[in-house]
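**Q** Right, I'll just put the structure down here and ask away after.
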Amino acid sequence: MPARERSPLDPPASFRAVRAVFLTLLSGFVLLPVYVMVTSSLKPLKDVAGQFRWIPTGLTVRPYIDIWHTVPLAKYFVNSLIVAGTATVCSVVIAVFAAYAVSRYRFRGRRLFTVTVLSTQMFPGILFLLPLFLIFVNIGNSTGVALYGSRGGLILTYLTFSLPFSIWMLIGYFDSVPRDLDEAATVDGCGPLGALFRVVIPAAVPGIVAVAVYAFMTAWGEVLFASVMTNDATRTLAVGLQGYSTQNDVYWNQIMAASLVVSIPVVAGFLLLQRYLVAGLTAGAVK
């Protein structure tokens, strides 16, 4: 087969060589911590805590067995799934209705609402820690509804983080959906909710998936609020991993093994939804 003729737009050979070297170094920089984590999770504790070796001499799966007994990892896993999953569903549902209203209707205070939603992302989350703590405690003392130390309180906390960004992102995505589709659905006998569920939402699946992934990842790996707003019964994975560090020893191999196990749901979800996630983020950025 004859070689492909070089196009005038092709970069020169020197540039391609430099690019290959740069990408190789960058890949090594990114994959090196992953290699250290994987190999350390397969070593006995004495080999991890002692002199580090790039090539392990003995491998064992014992750390992956011990992580479930050293701390109640299964309970933390269930708590994280419940909190992150519920926060994601609530964030997506509320954001869809709010973004659809802002995108399709003109009402008094619409611009103020949009600016307010976006401005909440300008403040660091730690500013809300003490106010939320006091609000939850006072609600519990006055009404008996236990928000502090409960899964429900943690879900409400994560909604305050993910919901504003979700609404703002879906507003831009719904604006990119032609209004002619809504009008065609109205002609066919659909009301506003019918147009939303039958036309707009199917056309906005990539944006909704991107919002769902963002909300889930925000709740799954958050540490600061989870360490303050939870107790032994409602502790999540991000906080529970601290249990592998005791006053006498630090189980480094189990920490690495547990970290890999914890990251599996997020990595698997990203790989499965990568196509929708990239499409949703790209459409939102263009808009």
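**Q** Can you tell me which residue among V177, V213 is surrounded by 15 or more Cβ atoms within 10 Å (Cβ to Cβ) and more than 20 Å from T114 (Cβ to Cβ)?
**A** Details: V177 fails: more than 20 Å from T114 (Cβ to Cβ).
On inspection, the qualifying residue turns out to be V213.
**Q** OK, next. Within the range 132-241, which helices (runs of 4 or more DSSP H) (wholly inside it) include 3 or more residues that are over 30 Å from V71 (Cα atoms)?
**A** Working: elements: 151-176, 179-187, 192-195, 205-220, 224-229, 237-240.
Where helices (runs of 4 or more DSSP H) fall fully within the range 132-241 and carry at least 3 residues being over 30 Å from V71 (Cα atoms), they are 151-176, 179-187, 192-195, 205-220.
**Q** Kindly establish whether R275 is open to solvent by 60 Å² or more (accessible area, probe 1.4 Å) and either closer than 21 Å to S41 by Cα or at pLDDT 85 or above (or both).
**A** Details: open to solvent by 60 Å² or more (accessible area, probe 1.4 Å): yes; either closer than 21 Å to S41 by Cα or at pLDDT 85 or above (or both): no.
Criteria not met by R275.
**Q** On the basis of being outside any loop (DSSP other than H, G, I, E, B) and over 15 Å from the mean Cα position of the chain (by Cα), does F113 make the cut?
**A** Details: outside any loop (DSSP other than H, G, I, E, B): yes; over 15 Å from the mean Cα position of the chain (by Cα): yes.
Yes: the conditions hold for F113.
**Q** Check M169, M256 and return the single one that is touching a residue at least 60 places away in the same chain (Cβ under 8 Å), surrounded by 15 or more Cβ atoms within 10 Å (Cβ to Cβ) and closer than 17 Å to S103 by Cα.
**A** Values: M256 fails: closer than 17 Å to S103 by Cα.
Among M169, M256, only M169 is touching a residue at least 60 places away in the same chain (Cβ under 8 Å), surrounded by 15 or more Cβ atoms within 10 Å (Cβ to Cβ) and closer than 17 Å to S103 by Cα.
Conditions (1) free of Cβ contacts under 8 Å to residues at least 12 places away in the same chain; (2) more than 30 Å from the chain's Cα centre (by Cα); (3) within 21 Å of V262 (Cβ to Cβ); (4) crowded, with 19+ Cβ neighbours inside 10 Å, marked per residue:
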residue	(1), (2), (3), (4)
G58	no, yes, no, no
R62	no, no, yes, no
L73	no, no, yes, yes
N79	no, no, yes, yes
G85	no, no, yes, no
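**Q** Can you go through S119, S103 and tell me which one is touching a helix residue (DSSP H, G or I) at 6+ places or on another chain (Cβ under 7 Å) and hydroxyl-bearing (S, T, Y)?
**A** Numbers: S119 fails: touching a helix residue (DSSP H, G or I) at 6+ places or on another chain (Cβ under 7 Å).
One residue alone meets the criteria, S103.
**Q** Take the range 24-55 and flag every residue that is of a type in the set (F, W, Y) and under 26 Å from the mean Cα position of the chain (by Cα). First the steps, then the outcome.
**A** Within the range 24-55, the first condition is being of a type in the set (F, W, Y), and the residues that meet it are 29, 35, 52, 54.
Passing the criteria: F29, Y35.
**Q** Looking only at the range 131-158, which residues are surrounded by 15 or more Cβ atoms within 10 Å (Cβ to Cβ) and polar (S, T, N, Q)?
**A** S150, T157
**Q** Can you name the number of the only condition in (1) more than 23 Å from N248 (Cα to Cα); (2) in contact with a helix residue (DSSP H, G or I) (Cβ under 8 Å, 6 or more places away or on another chain); (3) part of a loop (DSSP other than H, G, I, E, B) that C90 fails?
**A** (3)
**Q** Can you tell me which residue in the range 229-248 is farthest from the chain's Cα centre (by Cα), limited to those that are of a type in the set (A, V, I, L, M) and closer than 15 Å to A146 by Cβ? Give the steps one after another, and end with the answer.
**A** Taking the range 229-248 first, the residues of a type in the set (A, V, I, L, M) are 229, 233, 237-239, 241.
Those still in the list that are closer than 15 Å to A146 by Cβ too: 229, 233.
Numbers: M229: 19, A233: 23 Å.
Here the residue is A233.
**Q** Condition test on A195, is it aliphatic (A, V, I, L, M), free of Cβ contacts under 8 Å to residues at least 60 places away in the same chain and closer than 24 Å to A99 by Cα?
**A** Considered against the rule, which asks whether it is aliphatic (A, V, I, L, M), free of Cβ contacts under 8 Å to residues at least 60 places away in the same chain and closer than 24 Å to A99 by Cα, A195 comes out as yes.
**Q** Out of the residues in the range 98-124 that are under 21 Å from P178 (Cβ atoms) and in contact (Cβ under 8 Å) with a residue 24 or more places away in the chain, state the one that is surrounded by the most Cβ atoms within 10 Å (Cβ to Cβ).
**A** For the range 98-124, the residue satisfying everything is A99.
The values are calculated or read from the model by the stated rules, or taken from the named source; none is laboratory data. If you're wondering where the values come from, they're calculated on a predicted model, not measured in any experiment. Backbone-built Cβ (ideal geometry, glycine too); neighbour counts: all protein chains shown. Note: areas computed on protein heavy atoms with side chains; ligands, DNA, RNA excluded. Shrake-Rupley method; radii C 1.70, N 1.55, O 1.52, S 1.80 Å.
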